[in-house]
Amino acid sequence: MARSRLLVLVLPVVLALTSFAFVPTASAYAPPALRQQTNLDAGWRFLRANATGAETPAFNDGSWTATSVPHTWNASDGQDGGANYYRGVGWYRKHFTPPTSLSGKRLWLQFDGVNTVADVWVNGVKLGQHRGGFAAFRYDATEALKLGQDNVVAVKVDNASYPDIAPITADFTFFGGIYRDVSLVAVDKLGVRMGDYGGPGVYLRQRALSTASASVEVTTKAWNNYTTSKRVKLRTVVADRTGAVAAETTSAVRTVTAATGFDTVQTVTIPAPHLWQGKADPYLYRASVEVVDADSGAVTDVVTQPLGLRSSTVDPNTGFRLNGKQLPLHGVNAHQDRLNQGWATTPAQQRQDFDLMDEMGVNALRTAHYQQSEQVYDLADERGYVVWSEIPLVDRITDSAAFRANAQQQLYELMRQNFNHPSIVFFGIGNEQKLSDTATNGLLDTLSGQVAAEDSGRHSVYASHLGDLDPLSGHTELAAYNKYFGWYSLPATGPGAWADQLHAKDPARKIAISEYGAGGSVNQHEENPAPPVTTSRWHPEEYETLVHENSWAQIKTRQYLWGSFVWNMFDFAVDSRSEGDTLGRNDKGLVTYDRATRKDAFYLYKANWTDTPFVHLNSSRWTQRTAANTTVRAYGTTDAVSLTVNGVQVGAPKTSADHIYTWPITLKAGANVVTVSGTRGGQTYTDTATWTLTS
């Protein structure tokens, strides 16, 4: 099979092994903490310019700026508009002293994210160059480091455009810098591989699943870095959420020659498996692989990975199913940047993003348009999100062997590093290619085959904005379309008729809406707004709301759509944009860039995607009014919703199947206190605003 061929290409030695498996009685398991990981985020010096000789240890960086990582040099100029943010070279240098206790270990320098090209030196020795801005990467620094002495790490970073690195162009800011964590990882010489495209070296493939049992194939890529042969065995332990052992297996002992890599394939059988059920029950096991020196009995290395037992299918008529049950995917797209920080965000901020998505009822996330941090996928696992993760093959390609190799490298990195996250159900191979030519279609076909060959159990997908039946959409298992009805060039009629026509033309095609939405400013308001000029500075919030009302009303009734993903969950930076109320901003988010304000459309989805009791008054920020006649609009999930204006109830309480409530009213001159309220379970919920009518 293609999987076996791929493993042979990647590994120097592949050993077929017989494993001895048994189901243990429940007992607690805690994996031994053998690897030593030292955080290197503090104490860097930075220069936003090129500097000849900065890689040498004796270089004087005293005039450089003191900083820490995560860091980007585009936190300000990458979000202020003008299409003129700095894209070029920046240097980082750090002094540190690794302890002598690390002697005898293999020492790996790990970067979780650097954009775009990173050249890394330790004590003047070049460890390598990484090309691509979104995946983690590691270099073996063992020979270059001096234990117990001062060491200098120098990193030259360049976020200029390269014709052989994806993305060449895209509609978002390419923030330069070391924008994720840096660490030093010490591993025994007899241990799991660290160099497999930055992956964990342990790969879990679910081979069978029933109510009685789950069969999981565990592939471990390891290495004997000693100068002598070693007798080795591997023990794999699966522990449940409480830490109790659910299953384990131990391989036969084998002899591995010096300086040799080897594969071990084992199978564990988990009785009465507890499934990962998305947001309903995101149950996680933990699979730990121990590398054991068979002569001494010592465990030399252990790697622990999340294990979520689940199945997923997509039907062209009934959509997405998780564990055999239909699950409408209420999805959003999200970039990774923050106001005044760019991509240099914190774990607490990532948790806040998930808190906001949880509040709105999101159950599916597209990490557009690139691989995001490990914690994003950890949070998705833990909170039960169905995730579409993709490589940054956006807009266009270069017809060159170097570009194709880079796209494949980034796809390998995405798949290997995230292989064991149960939340990731879809691997995306690209977005909105502008040309459907031979070179582009050929690359997409190659990448789709690469996803299949990895044998990860994921579905391949591509997001298109060209013709519905264009060859670009035909390479992957699933098809998805970016359709902005009511924005850009499409009419405001909504996606329903388009989707029906495509489904009728090609009923076997598995289709989703990968992007839809409209711009919306929380500072701009208009009664009954007409479609604005999208490139203008006028993006009234009320128009964004109407686009989402119309789109969702049509999407929710079409079960053949396997998913829909709002563009976007959060406003984000596009330095080339000059529209809406803020230069350098894409304002299609349902939450503002600083995460401080939920837009009205946020509450439309909260009302439709959750059962949380609430009421929300739309246009509450539009406090200064010039027209007496207006329509009050509200969303809610209470039994009924009432409106009072200046303490006087307007009509009878209303009910609504779509959770949308409207009342035409006439404001009086001066201040008007407008309040919507509703009751549920004996609790009253209200939302109020004061609208002042001036002549």
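Quick rundown of the values:
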quantity: Top-ranked residue of region 645-665 - restricted to ones that are among the aliphatic types (A, V, I, L, M) and either without any contact (Cβ under 8 Å) to a residue 40 or more places away in the chain or part of a loop (DSSP other than H, G, I, E, B) (or both), ranked as farthest from D687 (Cα to Cα); calculated: A657
quantity: Restricting region 159-175 to residues that are over 19 Å from the mean Cα position of the chain (by Cα) and crowded, with 20+ Cβ neighbours inside 10 Å, the residue that is nearest to W223 (Cα to Cα); calculated: I165
quantity: Checklist (1) touching a residue at least 60 places away in the same chain (Cβ under 8 Å); (2) open to solvent by less than 20 Å² (accessible area, probe 1.4 Å) applied to G128, failing item; calculated: (1)
quantity: Hits in region 534-547 (condition: touching a helix residue (DSSP H, G or I) at 6+ places or on another chain (Cβ under 6 Å) and either surrounded by fewer than 23 Cβ atoms within 10 Å (Cβ to Cβ) or β-branched (V, I, T) (or both)); calculated: T545
quantity: Inter-residue pairs, beta-carbon under 9 Å, first of a type in the set (K, R) and in region 573-600, second open to solvent by 30 Å² or more (accessible area, probe 1.4 Å) and part of a strand (DSSP E or B), 6+ apart; calculated: R577/R585
quantity: Qualifying residue in region 582-604 (condition: polar (S, T, N, Q) and more than 27 Å from the chain's Cα centre (by Cα)); calculated: no
quantity: Single unsatisfied condition, G442 versus (1) outside any helix (DSSP H, G or I); (2) over 30 Å from T623 (Cα atoms); (3) open to solvent by 10 Å² or more (accessible area, probe 1.4 Å); calculated: (1)
quantity: Matching residues in region 486-527 - criterion: being touching a residue at least 60 places away in the same chain (Cβ under 8 Å), over 22 Å from F565 (Cα atoms) and open to solvent by 50 Å² or more (accessible area, probe 1.4 Å); calculated: N523, E527
quantity: Residue check for D240: open to solvent by 20 Å² or more (accessible area, probe 1.4 Å), more than 31 Å from the chain's Cα centre (by Cα) and touching a residue at least 24 places away in the same chain (Cβ under 8 Å); calculated: no
quantity: Residues that are more than 15 Å from D112 (Cβ to Cβ) and either crowded, with 22+ Cβ neighbours inside 10 Å or not polar (S, T, N, Q) (or both), drawn from region 343-362; calculated: A348, R351, D353, F354, D355, L356, M357, D358, E359, M360, G361, V362
quantity: Number of positions in region 416-439 that are open to solvent by 10 Å² or more (accessible area, probe 1.4 Å) and touching a helix residue (DSSP H, G or I) at 6+ places or on another chain (Cβ under 8 Å); calculated: 2
quantity: Number of the condition not met by S68 [criteria: (1) open to solvent by less than 40 Å² (accessible area, probe 1.4 Å); (2) in contact with a strand residue (DSSP E or B) (Cβ under 8 Å, 6 or more places away or on another chain)]; calculated: (1)
quantity: Region 554-580, subset more than 19 Å from W388 (Cα to Cα) and hydroxyl-bearing (S, T, Y), residue surrounded by the fewest Cβ atoms within 10 Å (Cβ to Cβ); calculated: T557
quantity: L583 open to solvent by 20 Å² or more (accessible area, probe 1.4 Å) and within 30 Å of Y85 (Cα to Cα); calculated: yes
quantity: Selected residue [part of a strand (DSSP E or B), among the charged types (D, E, K, R) and over 17 Å from N333 (Cα atoms)] from R621, R633; calculated: R633
quantity: Matching option when the condition is open to solvent by 10 Å² or more (accessible area, probe 1.4 Å), in contact with a Leu (Cβ under 9 Å, 6 or more places away or on another chain) and closer than 25 Å to D358 by Cβ, among E382, E390; calculated: E382
quantity: Some residue of region 418-425 being touching a His at 6+ places or on another chain (Cβ under 8 Å) and at pLDDT 95 or above; calculated: yes
quantity: Condition check for G191: assigned to a loop (DSSP other than H, G, I, E, B) and open to solvent by less than 60 Å² (accessible area, probe 1.4 Å); calculated: no
quantity: Considering residues of region 271-290 that are in contact with a Ser or Thr (Cβ under 9 Å, 6 or more places away or on another chain) and not in a strand (DSSP E or B) only, the residue most open to solvent (accessible area, probe 1.4 Å); calculated: A272
quantity: In region 397-415, the residues that are surrounded by 18 or more Cβ atoms within 10 Å (Cβ to Cβ) and charged (D, E, K, R); calculated: R404, E413
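Yes or no, residue by residue, for (1) over 22 Å from H421 (Cα atoms); (2) modelled with pLDDT under 95; (3) crowded, with 19+ Cβ neighbours inside 10 Å; (4) over 29 Å from the mean Cα position of the chain (by Cα):
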position	(1), (2), (3), (4)
I178	yes, no, yes, no
G198	no, no, yes, no
G201	no, no, yes, no
S213	no, no, no, yes
K230	yes, no, yes, yes
T236	no, no, yes, no
T250	yes, no, no, yes
T260	yes, no, no, yes
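The values are calculated or read from the model by the stated rules, or taken from the named source; none is laboratory data. These numbers were taken from a predicted model, which means no experiment stands behind them. We place every Cβ from the backbone using ideal geometry, glycine too, and count neighbours over all the protein chains shown. Protein only, heavy atoms only, side chains kept; ligands, DNA and RNA dropped before computing areas. Shrake-Rupley method; radii C 1.70, N 1.55, O 1.52, S 1.80 Å.
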